[in-house]
Amino acid sequence: MHRVAAVDCGTNSIRLLIADIDTVTGTLTDLDRRMEIVRLGQGVDRTGAFAPEALERTFAACRQYAEALERHGVGADAVATGALRFVATSASRDVSNREEFVNGVREILGVEPEVITGDEEARLSFTGATRELVGRDDLPGPALVVDIGGGSTEFVLGEFGGAVRAGRSVDIGCVRLTERHLVRDGVPVEPVDAGRREALRADILAGLDRAAEVVSLGEAGTLIGLAGSVTTVAALALDLPEYDSEAIHHARVDRETVRAVTDRLLASTHAERAERAVVHPGRVDVIGAGALILDTIMERTGAREVIASEHDILDGIAWSVTARLAD
């Protein structure tokens, strides 16, 4: 049994998982799983640098996580043995002031953030999403795992319980595309008019073309969607009164329902979206773009349904820590 911790720091959110992993039974048991919307990627697409206020929001979350790690026995001594892995993704690959971010995290958590490649991000996402689905007779392979983040979307194709065939990360995240297409003079455009929707969709399709250069998008037998855009669409499709991870995890949502949810989100105002308890306040302004990314992916791949997964790159990072400790 290994007690491990994983931090996934993306463009929109930073998440922590502290878990016990039993390598004999192949089970991962959550001790603490949490998320803070910090919008680290605020303005990165335009400025190429982290905003000071975005860094401070991220560091504040790290201070909270340091307290949680200590409570669960993953303090400085455990960190020194490699029990914590901090992975930074899309926005952290793009910025000019990366060192300020790295130094701040190191000072608070005592660990060096790993700014991983898109390919490594894809492999970790695939492991986290598929490990518990191995052996399901109702899920034909191969699996296409799609992780819709704030700055980028990862596509990875592989076999359940087997090797990854191919992976590609492309810059079509919900924050990046919202800032690019759904904001005018700093003010959100709502509801989204047909012209902006088509421009947004064209950007997504161009990203899918780049992904298809490496990943065979139409070959998958099962589509698995990860991250907040997908789980929020699933929650809306299920008409949940509040966010319920257990109900959302492995929910199957058909293409027609995803399209209907997307249409409603893009036709609504910020206030109308905020009224839905299942939409996290930090996602209210970007969920329309995230939903359209998912809708366009399903159209392009021909997937009849998407399986929403609450287990994703964060779980993959935790499993990778176990593998490191075993070496």
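Under 10 °C and 1.306 mPa s, how fast does the chain diffuse according to Stokes-Einstein, given a Kirkwood radius computed over C-alpha pairs? Answer in µm²/s, whole number.
On the way: Rh = 19.8 Å.
This corresponds to a translational diffusion coefficient of 80 µm²/s.
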For this session: Just the number, please: Stokes-Einstein D of segment 194-268 in µm²/s, Kirkwood Rh from C-alpha pairs, 10 °C, 1.306 mPa s.
Result: 112 µm²/s
For this session: Could you run the Debye sum over the Cα atoms of segment 90-164, one equal point scatterer each and no solvent, and tell me log10 of I(q)/I(0) at q = 0.13, 0.17, 0.20, 0.23 Å⁻¹, two decimals?
Result: -0.52, -0.73, -0.87, -1.00
For this session: Please report, largest first and rounded to whole Å, the three semi-axes of the ellipsoid equivalent to segment 58-193, where each semi-axis is the square root of five times an eigenvalue of the C-alpha gyration tensor.
Result: 28, 27, 14
Seminar exercise, completed: Using alpha carbon positions and the Kirkwood radius, the Rg to Rh ratio of segment 118-214 is 1.09
For this session: Identify, among T232, L265, I14, the residue whose Cα sits farthest towards the positive end of the charge dipole of the chain, taking +1 on the Cβ of Lys and Arg and -1 on the Cβ of Asp and Glu, with the dipole about the Cα centre.
Result: L265
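Once Rh is set to the Kirkwood radius over Cα pairs, what Stokes-Einstein translational diffusion coefficient, in µm²/s, holds for segment 28-94 at a temperature of 4 °C and a viscosity of 1.567 mPa s? Show your work: numbers first, answer last.
Values: Rh = 13.7 Å.
Rounded to a whole number, D works out at 95 µm²/s.
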Exercise. Across segment 6-17, in residue order, what do the Karplus-derived ³J(HN,Hα) couplings come to in whole Hz, using 6.51 cos²θ - 1.76 cosθ + 1.60 with θ = phi - 60° and x for Gly and Pro?
Worked result: 9, 10, 10, 10, x, 6, 9, 9, 10, 10, 10, 10
Seminar exercise, completed: Label model pair D138, D185: point-to-point distance (7 angstrom along the Cα→beta-carbon line) in nm is 5.2 nm
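Normalised by the empirical 2.2 N^0.38 Å for globular proteins, what value does the Cα Rg of segment 220-327 take? Provide the component values of the computation, followed by the final result.
Values: Rg = 15.0 Å, N = 108, 2.2 N^0.38 = 13.0 Å.
It is 1.15.
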For this session: Using Cα pairs closer than 8 Å and at least 6 residues apart in sequence, work out the relative contact order for segment 1-160, in percent.
Result: 21 percent
For this session: Return the Cα extents of segment 252-311 along principal axes one, two and three, sorted largest first, each rounded to a whole Å.
Result: 33, 27, 14
For this session: Can you grab the distance from the C-alpha centre of segment 223-293 to the C-alpha centre of segment 54-84, Å, no decimals?
Result: 30 Å
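Provide the net charge surrounding R168, with neighbours chosen by a C-beta distance below 9 Å and charges set as Lys +1, Arg +1, Asp -1, Glu -1. Walk me through the intermediate numbers first.
Working: positive: R210; negative: D119, E154, E213.
Surrounding charge for R168 is -2.
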For this session: Amide H neighbours of V183 under 5 Å, at least 5 residues apart or on other chains, H built in the peptide plane: list them.
Result: V189
Problem set entry | 5 angstrom amide H check on D32, placed H, neighbours 5+ away | I18
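Which percent, nearest 5, of DSSP beta bridges in segment 1-118 are antiparallel?
Numbers: 18 of 25 bridges.
Close to 70 percent.
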Seminar exercise, completed: Diffing segment 35-51: the Karplus 3J(HN,Hα) column from phi (6.51, -1.76, 1.60, θ = phi - 60°), in whole Hz with x for Gly and Pro, holds 9, 10, 7, 10, 6, 4, x, 3, x, 4, 4, 8, 9, x, 8, 6, 6
Seminar exercise, completed: Nearest-0.05 FRET efficiency for E53 and D239 at R0 = 25 Å, using Cβ-Cβ distance, is 0.10
Exercise. With the contact rule set at Cα under 8 Å and sequence spacing of 6 or more, what percent relative contact order holds for the chain?
Worked result: 20 percent
Exercise. Considering every Cα-Cα pair within segment 20-133, what fraction, in whole percent, is farther apart than 18 Å?
Worked result: 58 percent
Seminar exercise, completed: Heavy-atom accessible area of the chain with neighbours in place, 1.4 angstrom probe: carbon+sulfur share in percent works out to 47 percent
Problem set entry | Radius, Kirkwood style, for segment 128-184 when every pair of distinct Cα atoms is counted (Å) | 12.8 Å
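The values are calculated or read from the model by the stated rules, or taken from the named source; none is laboratory data. Because the structure is a prediction, the values reported are computed rather than measured. Positions of Cβ are generated from backbone atoms using ideal geometry, with glycine treated the same way; all protein chains shown enter the neighbour counts. Each accessible area value is taken on the protein alone, full model and side chains, heavy atoms only, with ligands, DNA and RNA left out. Shrake-Rupley method; radii C 1.70, N 1.55, O 1.52, S 1.80 Å.
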